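The next block holds one structure in the form of structure tokens; read it before the comments.
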Amino acid sequence: MEKNFDIENITGISEEDASRKLGEEGYNELPSQKKQGIFTILINILFEPMLLLLLGSGLIYLVLGELNDALMLLFFVIVVVGITFYQEQKSERALEALKNLSSPRALVIRDAKQRRIPGREVVREDIIILREGDRIPADGVVLFCSNLLVDESMLTGESLAVRKSEWDEKTSPTNPGGDDMPFVYSGTLVVQGHGMAKVTGTGIHTEMGKIGKALQTITREETLLKKETSHLVRSFAIIGIILCVFVVIVYGMTRVTLEGDRAWLNGLLAGVSLSMALLPEEFSVVLLIFLSMGAWRMSKRQVLTRRMPAIETLGSATVLCVDKTGTLTMNRMILSSLFSGAEFYDVAKNGHLQLPENFHELLEFGNLASQVDPFDPVEKEIKNGTEKFLSNSNHVHQNWKLVREYPLSKNLLALSNVWESNDRRRHVIAAKGSPEAIIDLCHLDEVQKKELISRVQMMADNGLRVLGVARSIFPAESLPDSQHDFRFEFIGLLGFTDPVRSSVPAAVSECYTAGMRVIMITGDFPGTARHIASLIGLKNPDRIITGPELAQMSMAELKEKIKITNIFARIVPEQKLAIVNALKANGEVVAMTGDGVNDAPALKSSHIGIAMGERGTDVARESSAIVLLNDDFSSIVEAVRLGRRIFDNLKKAISYIFSVHVPIAGLALFPILFELPLIILPAHIAFLELIIDPACSVVFEAEKEEKNIMDRPPRNLKDKLFDRKSLIRSLFQGLSVLFFVLIVFLLALYLGKGADEARTITFAMLVFANLMLIFSNLSLEGSILKKFNSDNRALWIVVGGALLSLVMVLYVPTFRELFHFSVLHVDDLITVLIGGIISAAWIILINIKLK
């Protein structure tokens with residue numbers, strides 16, 4: 001194959017052929033999650049089982065003629081749907097704005113003309129021109145290249161760019177990664193040089209597309225929180241149905257002689273009232289409000305929540321799998337160390353000082369061996385260092401003319417730039433490359449070579465990427481064909497580091513404090529991984545499993561070794577997925593962070609996928625549950641803290657809901673069993689649920705986290721949201737309130753008060769006791785007296801609103817008649833106050849005993 005062809009003589013395919021291929025093979029797009037329409041979002045929300053239960057209950061009341069109760073329940077539905085719909089729409093809009101890599105532009109040759117077209121319109125057999133800074137739109141083979149370096153970290157996880165060579169028409173396609181391969185891949189970035197490639201695969205037929213197809217085979221698990229709340233709802237619903245039937249039968253049989261045929265209808269209404277008293281419609285309100293508000297709070301910390309229930313699950317995570325490149329590190333090279341004349345110089349520590357004179361030449365020729373206007377991160381850093389340390393010296397040669405470039409080759413991993421000096425009497429050659437290649441160019445003897453290799457190893461052990469620099473003078477006008485024909489003189493070594501994000505060590509430490517394991521999964525070499533692990537404080541940094549080792553392991557062996565291994569190096573995408581699955585098989589709750597396409601399958605398979613928003617790919621973001629908009633690793637710790645706070649407060653809210661439903665159900669059932677005047681009517685239940693119960697979900701959601709929230713291990717997977725201890729505590733609280741409220745009711749009847757007046761006193765007592773239950777469940781730490789000093793603004797809004805509403809229904813004639821109340825007198829108010837104080841004191845005593 002002719003390699004030195006003229007680009008202008010390449011015709012490429014015709015526009016007609018391109019249109020035909022586009023019609024046959026489709027657009028050059030990756031498999032991705034379709035944007036949810038308004039109608040789709042609405043349907044998904046309405047088909048939530050808990051919302052269907054609410055709608056069904058409202059329709060039952062509507063059929064039975066209880067319009068007010070039906071409208072109140074339907075109002076609940078509207079509020080819940082509105083909150084969820086707003087959050088879903090907000091997330092979709094934010095994600096749409098993040099799609100900065102959706103369709104890069106491509107420069108192609110068609111009909112012998114260069115054309116720049118949308119990347120999605122590139123077809124197979126197109127000829128694409130590759131330049132520095134271009135994102136490659138499709139997979140292809142390299143037809144021509146000059147010093148072509150491509151960043152393939154999105155596919156391989158390796159932060160260093162790889163060198164490309166020209167295709168020999170024989171080599172078969174291989175996996176991404178490795179130098180001197182003649183293949184380029186969709187989504188990767190050209191960081192240096194230029195070239196030309198022939199497209200061999202587009203869309204799902206690219207390496208990116210294969211990873212996207214793998215996502216379709218992974219089934220997403222329902223969150224633990226959703227499973228537990230659904231179980232609670234079913235349990236409450238079954239109990240409600242059984243008691244409803246029981247009440248209808250008892251009421252009809254005992255009162256048919258007094259009320260005639262209406263006894264069965266009234267019995268049905270009484271049964272439905274009891275069911276409504278037990279129906280856990282608050283669970284859906286509480287769950288969605290908690291998660292919606294949690295997502296809103298996280299968005300304030302630059303964390304986008306794609307799937308709200310994952311917030312709570314993150315608080316339960318036991319393992320955090322971290323991709324090194326771009327997540328733990330900044331994915332850019334920093335000049336860290338210099339070696340010249342048998343001396344080292346630490347640039348990182350002494351960067352604020354003037355550079356010693358004996359290192360000037362090293363930086364000078366490192367810069368001369370780079371592009372004038374570089375795009376490659378290493379060459380950018382060399383240029384920045386030159387401008388910083390040598391700008392006012394005679395080591396910067398802006399007027400020199402670049403005569404020739406000798407690119408990297410398979411046989412010599414070094415490049416040279418030939419410059420014409422100002423006097424035009426000589427050529428100055430600057431070379432840089434791998435230390436071994438520079439040693440070879442300089443023809444050092446064995447002693448010098450051994451000494452230099454030891455210096456290189458010292459720098460490499462510190463996690464540095466090392467480049468050698470050499471110089472030569474060539475007086476002749478005719479330049480040789482090979483770099484070996486120059487007589488090079490060794491100058492020194494440049495050491496670069498991919499710096500760890502400054503917030504990572506503290507974030508890792510807090511993860512350990514919170515009982516979470518941190519596992520680093522990377523495509524880099526073990527030495528680099530070990531160095532990064534030591535910098536961030538990862539445990540067991542010397543225990544490493546490499547990709548080849550993992551490939552030889554069975555799942556059983558991997559499950560055993562992964563219990564004590566925190567570093568996985570030289571890992572390919574399929575192995576990342578295997579690691580996550582092995583952790584899940586061990587019973588771990590896995591959170592996975594990542595930004596590249598290679599992370600997408602593991603992100604989707606993990607319990608909580610956390611994608612990077614700035615550097616992350618579309619596929620990674622769409623596979624994740626949470627997106628870090630600012631790519632700040634420390635935001636993960638805040639998300640864990642918030643997830644734990646949400647679970648704690650959700651548990652408190654559900655305990656409160658159970659407690660308050662016990663006296664409501666008891667007051668609905670007690671008069672029926674003992675043939676007494678009805679205490680609780682549908683309007684009363686609606687009042688309690690509309691004003692107190694939903695509002696209390698906001699109160700508990702707004703409560704601050706417990707002081708020890710990040711000093712305790714994650715919640716055990718086997719622990720229930722509403723465990724036996726919580727059940728006993730809530731049951732005792734509820735029965736205590738029921739006991740004191742019934743005492744007040746029976747006392748009122750005993751004193752000869754009418755049914756309306758007894759009902760009024762009892763209801764006021766119930767509202768007061770309800771507020772005491774709120775205070776008693778607000779915190780698991782501290783006394784109830786301290787809770788009266790709470791700075792929870794929502795709490796005082798709810799308390800004030802509840803008391804104001806109670807005053808309105810007691811003293812506004814229209815509301816009083818609707819609720820079948822009478823005016824409370826002074827002695828009645830004293831009875832309510834004394835009963836409330838006694839019940840509050842008893843609840844405090846119960847909390848102390850059951851703590």
Next item on the list: Given a cut-off of 26 Å, name the pairs among K349/K432; K164/K559; K604/K704; K21/K576; K198/K324; K170/K324 whose C-alpha atoms lie farther apart than that in the structure shown.
Entry: K164/K559; K604/K704; K21/K576; K198/K324; K170/K324
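How much of the accessible area of region 545-595, in percent, comes from carbon and sulfur atoms when a 1.4 Å probe is used? Could you put the intermediate results ahead of the total?
Values: 1050 of 1970 Å².
Roughly 53 percent, rounded to a whole number.
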Note to self: I need the shape label for region 515-564. Rule: rounded when a/c is under 1.5, else prolate if a/b > b/c, else oblate, with a, b, c from the alpha carbon gyration tensor.
What the structure shows: oblate
Notebook entry, point to check: Say each of T513 and S172 gets a label point 7 Å from the Cα, pointing the same way as Cα to Cβ; how far apart are those two points in nm?
Noted result: 5.4 nm
Next item on the list: Mind giving me the nanometre distance, one decimal, between the label points for D17 and E489, set 7 Å out from Cα along Cα→Cβ?
Entry: 5.4 nm
Margin query: Whole-Hz ³J(HN,Hα) for each residue in region 442-456, computed from phi via Karplus 6.51 cos²θ - 1.76 cosθ + 1.60 with θ = phi - 60°, x for glycine and proline: what do you get?
Written below: 8, 6, 6, 7, 4, 5, 4, 4, 4, 5, 5, 4, 5, 5, 4
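For region 351-437, with all protein chains present and a 1.4 Å probe, just round the carbon and sulfur fraction of the accessible area to a whole percent. Walk me through the intermediate numbers first.
Values: 1970 of 4540 Å².
Within region 351-437, the accessible surface is 43 percent carbon and sulfur.
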Next item on the list: Compute the distance in nm between two label points, each set 7 Å from the Cα along the Cα-to-Cβ direction, one at R332 and one at K563.
Entry: 4.4 nm
Notebook entry, point to check: For region 515-520, what does the Karplus curve 6.51 cos²θ - 1.76 cosθ + 1.60, with θ = phi - 60°, yield as ³J(HN,Hα) per residue in whole Hz, taken in order and with x for Gly and Pro?
Noted result: x, 9, 6, 10, 10, 9
Next item on the list: Express the Stokes-Einstein translational diffusion coefficient of region 410-474 in µm² s⁻¹, to the nearest whole number, given a Kirkwood radius over alpha-carbon pairs, 25 °C and a viscosity of 0.890 mPa s.
Entry: 188 µm²/s
Checklist line | Percent of Cα-Cα distances greater than 15 Å, calculated over region 789-851 | finding: 69 percent
Check: How much accessible area per residue does region 450-556 have, in Å², with a 1.4 Å probe?
Finding: 47 Å²
Check: Cα gyration tensor of region 471-546, axes a ≥ b ≥ c as square roots of the eigenvalues: rounded (a/c below 1.5), prolate (a/b > b/c) or oblate?
Finding: prolate
Margin query: What FRET efficiency comes out for V812 versus L479 if R0 is 60 angstrom and r is the Cβ-Cβ distance? Round to the nearest 0.05.
Written below: 0.05
Notebook entry, point to check: Looking at the P(r) of region 364-445, how many percent of alpha-carbon pairs lie beyond 17 Å?
Noted result: 50 percent
Checklist line | Per-residue HN-Hα couplings for region 765-773 [Karplus 6.51, -1.76, 1.60; θ = phi - 60°; Hz; x = Gly/Pro] | finding: 5, 5, 5, 4, 5, 4, 5, 5, 5
Checklist line | Efficiency of FRET from Cβ geometry, L402 and D111, R₀ 45 Å, rounded to 0.05 | finding: 0.85
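Once you wrap a convex hull around the alpha carbon atoms of region 390-548, what is its projected area averaged over all directions, in nm²? Mind showing how you got there, number by number?
Working: hull surface 53.4 nm².
Taking a quarter of the hull surface, the average projection is 13.4 nm².
Expressed in whole Å with the largest first, what are the equivalent ellipsoid semi-axes of region 112-159 derived from the C-alpha gyration tensor as the square root of 5 times each eigenvalue?
Working: eigenvalues 86, 38, 21 Å².
Semi-axes from the Cα gyration tensor: 21, 14, 10 Å.
The values are calculated or read from the model by the stated rules, or taken from the named source; none is laboratory data. Owing to the predicted nature of the structure, the values given are computational and were not obtained by experimental measurement. Counting neighbours? That spans all protein chains shown, and the Cβs are built from the backbone with ideal geometry, glycine included. For accessibility, only protein heavy atoms count, side chains too; no ligands or nucleic acids. Shrake-Rupley method; radii C 1.70, N 1.55, O 1.52, S 1.80 Å.
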